[in-house]
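The values are calculated or read from the model by the stated rules, or taken from the named source; none is laboratory data. A quick note: this is a predicted structure, and the numbers were derived from the prediction, not measured. As a convention, Cβ positions derive from the backbone with ideal geometry for all residues, glycine included, and neighbour counts pool all protein chains shown. These accessible areas exclude ligands, DNA and RNA; they are computed on the full protein's heavy atoms, side chains included. Shrake-Rupley method; radii C 1.70, N 1.55, O 1.52, S 1.80 Å.
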Amino acid sequence: QSDAEILIDREMPKEEREGHLKAICEEVEGINRLVEELSVMSQIENNQFRLETSPSSLQKLLTREAAKFILQFQEKSVTLRRIMPEDIPPVMMDDKRIGQVISNLLTNALRYTPSGGTIEMGMRREGTMAAVWVRDTGPGIPPEALPRIFDRFYRVDRSRSRTSGGTGLGLAIAKHFVEAHGGTIRAESEMGKGTCIQFTLPLNGQTARV
């Protein structure tokens, strides 16, 4: 609101005006994300959440979600490394929901990876499961915070704004989506070296749980 009022009240150079407009867009994006995540969490809590599953390719889904972040990777000078073997069979999944999980993990990784860093996105087969991971070269998560990062509204750095630091709902929703598919999600982190979040999905086509 303050940025909008400044734009209304006075004339300014183009670069300064664009800076205020960018700030407004970022705030709106943050509010949209919060509203969407609160809506999803409300559906989950009221047992209104349902999966629409079908046999799908994880390779194609990972490629599709990564493509949405190309400009952000370029703007921040972050390298995306992909490890995607071709021999992973299709899994029974809700493409939209698992796509949201992957998008959330990439968003978090980009948020905390410094310029010039690397993010690795990969998958592999582990018995009857497919494992997907996103690993960053960010600052890492303190050991005391690691067990709580999948809790609703928990944010490791509470000094960050909700625009720059997230809503604290993304990983809680990701956990529910993955577990509803019969999978698991976990995080590993080392201070100063980065964080890796991995989730698994069953390859055997068993009925998803809600």
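Given the options Phe69, Phe73, name the one that is out of contact with any helix residue (DSSP H, G or I) (no Cβ under 6 Å at 6 or more places or on another chain), aromatic (Phe, Trp, Tyr), open to solvent by less than 30 Å² (accessible area, probe 1.4 Å) and within 25 Å of Leu169 (Cα to Cα).
On the way: Phe69 fails: out of contact with any helix residue (DSSP H, G or I) (no Cβ under 6 Å at 6 or more places or on another chain).
Going through Phe69, Phe73 in turn, just one is out of contact with any helix residue (DSSP H, G or I) (no Cβ under 6 Å at 6 or more places or on another chain), aromatic (Phe, Trp, Tyr), open to solvent by less than 30 Å² (accessible area, probe 1.4 Å) and within 25 Å of Leu169 (Cα to Cα): Phe73.
Cβ separations smaller than 6 Å between residues 6+ apart or across chains give the following pairs from the stretch 134-159 residues that are under 15 Å from Tyr112 (Cβ atoms) to residues that are modelled with pLDDT under 85 and among the aliphatic types (A, V, I, L, M): Ile141/Val156; Ala145/Val156. Residues that are among the acidic types (Asp, Glu) and outside any helix (DSSP H, G or I) are absent from the stretch 32-51 altogether.
Across the stretch 125-142, the number of residues qualifying as assigned to a strand (DSSP E or B), over 15 Å from Val78 (Cα atoms) and open to solvent by less than 20 Å² (accessible area, probe 1.4 Å) comes to 4. Of the listed requirements (1) surrounded by fewer than 16 Cβ atoms within 10 Å (Cβ to Cβ); (2) out of contact with any helix residue (DSSP H, G or I) (no Cβ under 6 Å at 6 or more places or on another chain); (3) closer than 26 Å to Gly194 by Cα, Leu38 misses just one: (3). Pairing each residue of the stretch 105-124 that is part of a loop (DSSP other than H, G, I, E, B) with any residue that is loosely packed, with under 15 Cβ neighbours inside 10 Å, provided the two are 6+ apart or on different chains, yields C-beta distances under 7 Å for Ser115/Ser77; Gly116/Ser77.
Residues being in contact with an Asp or Glu (Cβ under 6 Å, 6 or more places away or on another chain) and either buried (at least 20 other Cβ atoms within 10 Å of the Cβ) or modelled with pLDDT under 90 (or both) are represented in the stretch 91-109 by at least one member. If the condition is being assigned to a loop (DSSP other than H, G, I, E, B) and either open to solvent by less than 40 Å² (accessible area, probe 1.4 Å) or out of contact with any Ser or Thr (no Cβ under 7 Å at 6 or more places or on another chain) (or both), then the stretch 76-85 contributes Val78, Met84, Pro85. Scanning the stretch 150-187 for residues that are at pLDDT 65 or above, among the small types (Gly, Ala, Ser), open to solvent by 10 Å² or more (accessible area, probe 1.4 Å) and part of a loop (DSSP other than H, G, I, E, B) yields Gly168, Gly182.
Looking at Leu62, Leu51, Leu7, which one is open to solvent by less than 80 Å² (accessible area, probe 1.4 Å), of a type outside the set (Phe, Trp, Tyr) and under 21 Å from Leu169 (Cβ atoms)? Write out each step before concluding.
Working: Leu62 fails: under 21 Å from Leu169 (Cβ atoms); Leu7 fails: under 21 Å from Leu169 (Cβ atoms).
So the residue among Leu62, Leu51, Leu7 that is open to solvent by less than 80 Å² (accessible area, probe 1.4 Å), of a type outside the set (Phe, Trp, Tyr) and under 21 Å from Leu169 (Cβ atoms) is Leu51.
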